[in-house]
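To keep things clear, I will list the structure first and then write my remarks on it.
The values are calculated or read from the model by the stated rules, or taken from the named source; none is laboratory data. Predicted model only: the values in this text are computed from it and were never measured. Glycine gets a Cβ as well: all are built from the backbone with ideal geometry, and neighbour counts include every protein chain shown. Heavy atoms of the whole protein, side chains included, go into the accessibility calculation; ligands, DNA and RNA do not. Shrake-Rupley method; radii C 1.70, N 1.55, O 1.52, S 1.80 Å.
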Amino acid sequence: MSKRTLDVEEVVYQQIRVTKGDGIKYTLNGREIDIWDREFRNYHSKKTVDYIREAIVAKEKRGEDLFPDIVGKEREKELVATALFSGSPILFRGERGYGKTTFSKAIAKLLPEKILAIKGCKIHDDPVAPICFSCKSKILLGETIELTWVPRIWVRIPGDPMLTTRQLIGGISIQKIREGYDLDHPEVFTPGKALKANRGIGYFDELGAVPTALQTLLHELFEEHQVSTSEGEIVPLKLDLIEIASTNPANYRGTSPIKEPLLDRMEIIDIGPPASVEEEIEIARRNSFIGRENHYNVVLPEWHMKLMAYTVILGRSPKECDTARKIQAPPSCRATIKLFDHLASRVIRSGRRVPLLKDYGEDLEVVALALAGRIELEYGVKESRAEVSKMLFKESLLRIAKEVYDKIPSDRFDEIVTELISVGIPKGGAYSIPLDVAFVKNLRGLKHFSSLVYGLCGGYTEDDELYLSAAEILLHAISMCAPRYVVKSRNEYLVKRVEEK
């Protein structure tokens, strides 16, 4: 029986739901299967929101984090879970780089890793409830349905002022079916990005950038989960997806307004910066390329991670940092991530595993590389973005130096300086402590100095590179907070006698 003998209205408008007793045959990888068997029944028939609800209930029952990929943001996680459970579209609102896309991907991980779909279907139709014309015709004609496994579905729909209806929704023409076109013909049905998210997550990235006329088309999709043809004829493609969107704050540069009727169809959840330096560090650790790919055994000590994190955090803190007042658009977590990446890259290229301060560059060019392109300055600021980036780093370094300096017991300070002099190399009335791994063996014999170094390292360490890095930040802290005793030179620190203060 030819597909063309089917009535157009039957193919287009009839809703199909296969039950176990209907006798439809299914094959998977060349063999016939019973999709109602325990092995397969969890991978079809359910709505996306049902998978989401089941996952939320199961995880909460086990006491698990619903979104382990998201660092902190407990309030936001709870709001997201509530909105998802009710099947509501979500709009994440926040400045760039604060995890809106990551959150949408974390939501997708609540879905099964794979589902069963009709093989060859452009929108991965459900085997028992197809919605595309071609798949429905196969069921209506009693054909054997070939299935395939489809990985978890997450589709990004980027906001673009030049976005077209065909790119967003696709080409759908009931008239072409009436004219006798084959149901698989591209003139009949070619899904756009929104339709390709069927049975998964459709992520509308920067929704405000979608042209106003197309935002109107989304009203129907977000509320009724269906679309209209370009001729205005409603197509009963009852799509099954969770709509997640993102936008920047209303006053953010380049942000276009989202139409109020569309906003009314979504739950708005604000996404802000990390709440603490620890969260900033954890985000950078998880997302830095070298750390994520685990190609190299690079060790980033706590003081270096805090130094980089504070550099970026201070750029967002005009109340406590004068330099931040020069910045109109502050750096996001991406700046921290790239600082981690660039520092690690310099360490690897130097043939070492643990960074030293020199790895930020003689003129802090590594810092400028990570930050300068990720900030915008207030009108009239005389410094360049690179200069402002370096100023933030220097303020961060001073903060770290003070934190480290405060760990030095005041009643041991003189003894520590005396210890350093005892192993230092005489040089122009001072004593040189070279930043060289070979010199570490001399420093390890210093009781009070090494005790502080091991404290910074979290305990005794046999790693000479880690010891040297901790010794450097300790010496640098003294040079910044008590310069009468220690002076930073190019690749060494010069220590003066206590009585010469």
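Couple of notes before you dig in:
- Radius of gyration and Dmax over the Cα atoms of the stretch 370-410, both given in Å: 14.4, 46
- Across q = 0.09, 0.10, 0.13 Å⁻¹, the chain modelled as identical point scatterers on its alpha-carbon atoms has Debye log10 I(q)/I(0) values of -0.77, -0.87, -1.17, in the order of the q list.
- A simple spin-label model places pseudo-atoms 7 Å from Cα toward Cβ; at residue 350 and residue 156 they are separated by 3.3 nm.
- Solvent-accessible area of residue 497 with every protein chain in place, 1.4 Å probe, in Å² to the nearest 10: 90
- Of the peptides 132-142, 8-18, the order by per-residue mean of other Cβ atoms within 10 Å, starting with the highest, comes out as 132-142, 8-18.
- Residue by residue, the stretch 444-459 carries 3J(HN,Hα) couplings of 4, x, 8, 4, 6, 4, 5, 4, 5, 4, 5, x, 5, 7, x, x Hz when phi is fed to the Karplus relation 6.51 cos²θ - 1.76 cosθ + 1.60 (θ = phi - 60°); x denotes Gly or Pro.
- Relative frequency of Cα-Cα separations exceeding 22 Å in the stretch 18-131, percent: 45
- Computed label-point distance, nm, for sites residue 319 and residue 487 using a 7 Å Cα→Cβ extension: 4.1
- Counting lysine pairs in the stretch 343-414 that sit 8 or more residues apart in sequence, or on different chains, and whose Cα atoms lie under 20 Å apart gives 7.
- With a Förster radius of 22 Å applied to the C-beta separation of residue 437 and residue 282, the computed FRET efficiency comes to 0.15.
- The percentage of C-alpha pairs in the stretch 459-498 whose separation is greater than 16 Å is 38%.
- In this structure the amide hydrogen of residue 170, modeled in the peptide plane, comes within under 5 Å of the amide hydrogens of 192, none closer than 5 places in sequence on its chain.
- When the square roots of the Cα gyration tensor eigenvalues are ordered a ≥ b ≥ c, the ratio a/c for the stretch 305-433 is 1.5 or more and a/b exceeds b/c, which makes its shape prolate.
- Enclosing the Cα atoms of the stretch 298-343 in their convex hull gives a volume equal to 69 cubic angstrom per residue.
- Solvent-accessible area, 1.4 Å probe, carbon plus sulfur percent, for the chain: 48
- Estimated D of the stretch 382-489 in µm² per second, where Rh is the Kirkwood radius over Cα pairs and Stokes-Einstein applies at 10 °C, 1.306 mPa s: 107
- All distinct Cα pairs of the stretch 63-203 go into the 1/r average, and the inverse of that average, the Kirkwood radius, is 17.4 Å.
- Pairs of Cα atoms farther than 16 Å apart, the stretch 126-202, %: 60
- Ranked by the mean number of other Cβ atoms within 10 Å per residue, highest first, peptides 265-278, 298-311 order as 298-311, 265-278.
- For the listed peptides 99-110, 215-226, 56-67, a ranking on the average number of other beta carbons within 10 Å per residue, highest first, reads 99-110, 215-226, 56-67.
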